[in-house]
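Everything on this sheet refers to the single structure shown next.
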Amino acid sequence: MVLPWKPPRHRVVAILALAFLPFLGCSRREFPKNQSGETGRRLPDVLSYEGTPVGKSDSLINAIGPKLRPWVVLWRHAIPFAPESLIRVGVGPAFRAGTVQPLKGVDPPPKESAAAFRILSARSPDGRYNLIFDRYQCVLESDGEIDIGGDADSAPLLLDLRHRTATQFETCGPGSCAFHWGVWVSPTRFALAGTENDEKYMGIRGRIQVFSIPDSTVTTYLTRPVHSSRSAIYQSAWESWVRGNYRAMKQVATRS
């Protein structure tokens, strides 16, 4: 198995059903908006929040910091940001509540998800694994326009190309959080990043999780909450990054 976890028998039906989940059209996903509807000229960069930034003392962030640069750049469009400003939430179990199915159930993906599976993914350094940031995301081109959207849910997949399995190891319900970016930091450890809502502070915050396959753990970090009025800035930066990746993919396909 790809992971040190096996699904109990009562999950078999649910696991097999994943292979037949319908992929909806590429409807646009909206990031959280300011609940008051205000768009004042002076907007706070970040909101107050309990927690101490890791600074230079976190060995994990120090080690993987250079690999996080593309994600850091996306956030810098919206707020002043650096990896040392992250707040460490802690270490917890990973993968154990996931669902596993045969690889052929998700790969090749439906037509509307094919481009997203290619450009919103990361292959492990040894080629064994492929991390799909969000199985419900889609990227489609129509009349020269690149549309980005997908189902209301958001969920990553870990594909084990050696054992021919696919594991959906996290799930976000509509409007609660989303997965946008990822990178491998070793052959058996990867970082997965996105956003989550912060109802207490009426905003959103960035979240990055570092998953370790051998010991089935995840270490979670958060940014400070960002005012919801600024979420559109991050959204625009992320969508521009996705469109850039899509165009690069098309150029490679054209040359070959």
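The values are calculated or read from the model by the stated rules, or taken from the named source; none is laboratory data. On a predicted model such as this, the values are computed, not experimentally measured, just so you know. We place every Cβ from the backbone using ideal geometry, glycine too, and count neighbours over all the protein chains shown.
Annotations
- First in segment 104-128 and of a type in the set (S, T, N, Q), second anywhere and part of a loop (DSSP other than H, G, I, E, B), Cβ under 7 Å, 6 or more apart: SER113/PHE23; SER121/PHE133; SER124/PRO187
- Test for ALA78: is it more than 16 Å from GLN168 (Cβ to Cβ) and either assigned to a helix (DSSP H, G or I) or in contact (Cβ under 8 Å) with a residue 60 or more places away in the chain (or both): yes
- Yes/no for ILE132 being in contact with a Phe, Trp or Tyr (Cβ under 7 Å, 6 or more places away or on another chain), of a type in the set (A, V, I, L, M) and free of Cβ contacts under 8 Å to residues at least 40 places away in the same chain: yes
- When residues of segment 96-112 are limited to those that are surrounded by fewer than 17 Cβ atoms within 10 Å (Cβ to Cβ) and in a loop (DSSP other than H, G, I, E, B), the one modelled with the lowest pLDDT: ALA97
- Filtered residues of segment 223-256 (kept if among the small types (Gly, Ala, Ser) and at pLDDT 85 or above): SER236, ALA237, SER240, GLY244, ALA248
- Residues that are charged (D, E, K, R) and assigned to a strand (DSSP E or B) were ranked within segment 183-240; the one that is surrounded by the fewest Cβ atoms within 10 Å (Cβ to Cβ) is GLU196.
- Within the option set GLU30, GLU38, GLU50, being at pLDDT below 95, of a type in the set (Asp, Glu) and either surrounded by 14 or more Cβ atoms within 10 Å (Cβ to Cβ) or under 19 Å from the mean Cα position of the chain (by Cα) (or both) holds for one residue only, GLU30.
- Unique residue being within 23 Å of ALA97 (Cβ to Cβ) and of a type outside the set (Phe, Trp, Tyr) when the list is GLY144, GLY149, GLY173, GLY203: GLY173
- Count of residues meeting criterion [free of Cβ contacts under 8 Å to residues at least 40 places away in the same chain and among the β-branched types (Val, Ile, Thr)] in segment 198-244: 0
- Scanning segment 136-179 for residues that are of a type in the set (A, V, I, L, M, F, W, C), part of a strand (DSSP E or B) and within 23 Å of VAL210 (Cα to Cα) yields LEU157, LEU158, LEU159, ALA166, CYS172, CYS177, ALA178, PHE179.
- Residue match in segment 85-95 (condition: in contact with a Phe, Trp or Tyr (Cβ under 9 Å, 6 or more places away or on another chain), crowded, with 20+ Cβ neighbours inside 10 Å and β-branched (Val, Ile, Thr)): no
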